[in-house]
1. What is the distance, in nm, between label points placed 7 Å from the Cα along the Cα-to-Cβ direction at residue 230 and at residue 566?
2. If I model a spin label as a point 7 Å beyond the Cα along the Cα-Cβ vector, how far apart are those points for residue 435 and residue 475 in nm?
3. Considering the zone a paramagnetic label at residue 322 would reach in this model (a point 7 Å from Cα along the Cα-to-Cβ line), which residues of region 484-522 have amide N under 16 Å from it?
4. Apply the Karplus parameterisation 6.51 cos²θ - 1.76 cosθ + 1.60, with θ equal to phi minus 60°, to every residue of region 506-514 and state each ³J(HN,Hα) to the nearest whole Hz, in sequence, with x for glycine and proline.
5. Quick one: which of 308/526; 351/455; 72/289 span more than 19 angstrom between C-alpha atoms?
6. Where a ≥ b ≥ c are the square roots of the eigenvalues of the C-alpha gyration tensor, would you call region 200-243 rounded, which needs a/c under 1.5, or, failing that, prolate if a/b is larger than b/c, or oblate?
7. What accessible surface, in Å², does a 1.4 Å probe find on residue 298, ignoring ligands, DNA and RNA and rounding to the nearest 10?
8. With a 1.4 Å probe and every protein chain left in place, tell me how much accessible area residue 430 has, in Å² to the nearest 10.
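The values are calculated or read from the model by the stated rules, or taken from the named source; none is laboratory data. Because the structure is predicted, anything quoted here is derived from the model rather than measured. Heads up, the Cβs are rebuilt from the backbone with ideal geometry, glycines too, and the neighbour counts pull from every protein chain shown. Quick note on the areas: whole protein, heavy atoms, side chains included, nothing else; ligands and nucleic acids left out. Shrake-Rupley method; radii C 1.70, N 1.55, O 1.52, S 1.80 Å.
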Amino acid sequence: MRFKIRIIFFLVFVFFNNLISGVDNISGVNLDYDKDSDRIFFYSNGGQPDEVLYYDYVILGAGSAGSVVASKLADDPNNTVLLVEEGVWDTIFPNIWDTNTNWNLNTNPAIIQTYPNSSNKSMDYMVGKVIGGTNSINSMIVMGGSHENYEDWSNTTENPLLNWENSKSALEDIMVRFDFYRLPQKREFFMEIKDALKTIGYSFNPYPLRNGVHRGSFSDRMYMMKYDYVTNTTKRQTSFGQYVRKDKQLGKKNLDIMTGEKAIKHHFVKGKKNTIRVKGVLLSNIGVKRTRYINIAREIVLSMGAIKTSQWLQLNGIGNRDHLESIGIKSVIDSPGVGVGLKDEILIPYKGRPLSDQYKNNVDLPKRVSYYDGFQVNGPTIGKNFTHSTSSDYILNLDINKNGFICDIQSSSGLGTNDKGFVKIISNDHTKAPEISINIDDSQEKLDIFLDALKECRSLEQYFVDIGILSHTIYGPSIPVDVGNESTTDLIDYIKKEFQFLNYPCCSVKSGAKNNPFAPLDGKFKVKGVSNLRVVDASSLPKPTSGPPNVPIIALATQVSQMILNEND
């Protein structure tokens, strides 16, 4: 009898010991495979969900990357795929600052490092809260990244699948999917601008998406839009529209879409080889207050962007252990690189002289489509500070419009900001916005790059004065002195005063080599220590791109999707 009592006591002890040790209280996260796993998770996160669903793959975020990943994974009819978006359904022309389609994440001017002796600046990050993500509200400019970008990504991650040669097929796929629209070649000042750029050493590159060459070249504008020649109108195109929506139109039944669904918590359990895995994810519908628990048979992919993905990982216990535990979040994976290294590009607007009297009232300038209708000039020229790099240091957005000369300068390849930016949650409350910091790179080396770019703008402006297109008697508003009469100090002061951030945040959850402790992701974009959690979006970029990142991110999503399919074949 006493032996039986001991056995019963022992079994009770083992049961409760397992029950207690199986809970890592990030918010009731169960790290054991046992029959009570779901019950404990639900109890710790608001109770039994209204609905339990099962999918092979779940993608959080229906933006540029997430839409592509969902579509590619669903190409295999044996896979069940769920694409989840917290935002609303897209519209043809959403308002960029509409709170229904934009997260309106604000950076705190107190923690933005600007140039010394310059005033602090803040900005509202334009992050798409809509099907299609930021791709639904951006300026639609097409640049595919440089040959060097892809080689750098491949070397940094130790993954040859990301190199230029292997990425060209992904870029070709994008060109098939989208109706890229180029502005008409025969328009006012087009030839004059081309001649001016050739005069100072630039070559015209009509196919940068195919050859990956940026530095020392210029191209006319190309946009992610379809032009209707009958109605003379254009329509925005997004990766959601060109991949997922077309999939549904073709009757792809293994791909489901949920909108208005807020992800609440990952459900972690013990995996193989001392790792953990995501067993499921809890969702809450914003409108009807209905909860869903999604069981994940294979993988979950985060594609929420450079800000929201960093925030989500930290809220789920993946980040700097000391910081997370200081705000009441139990660490699941100590990953100090999560949220660290946030970068952006900067823009220095420049408005020059107005049109001369000869052209002011006698030229019918073309209708603007978006951004500028001139050229993107990838500086510097090959002969200046010669390098074998194909990436640009800066981009001149060059145009002559009804108001005169425009030459807005933007940094490229991340040269405008340093690696000290961050996204850091300040509370375990998921409704509170994170702290966001962007740090300007105030080194003399980087300042000299923008100084050269500004001088190049001024030189081009003078060219158009000399050939009679621009006024020789009226100055432009930006720097109202003759070219050559301005001091270097004047130009530097102008740069420091006028710069603004471009809204290309990236690199806050970097992928990198397996042994790099500050790269939260491995070379196949898996979160280190979690067997079935990947990140594919701007946050996961190992390094910034040469030019806008949208197309390179779509190409990256194409490549990573193939990695996922190969691993789970």
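1. Each label point lies 7 Å from its Cα, and together they span 4.4 nm.
2. Computed distance between label sites residue 435 and residue 475 equals 4.2 nm.
3. 518
4. The phi angles translate into 7, 6, 8, 9, 5, 8, x, 5, 4 Hz.
5. 72/289
6. oblate
7. The value for residue 298 is about 90 Å².
8. 70 Å²
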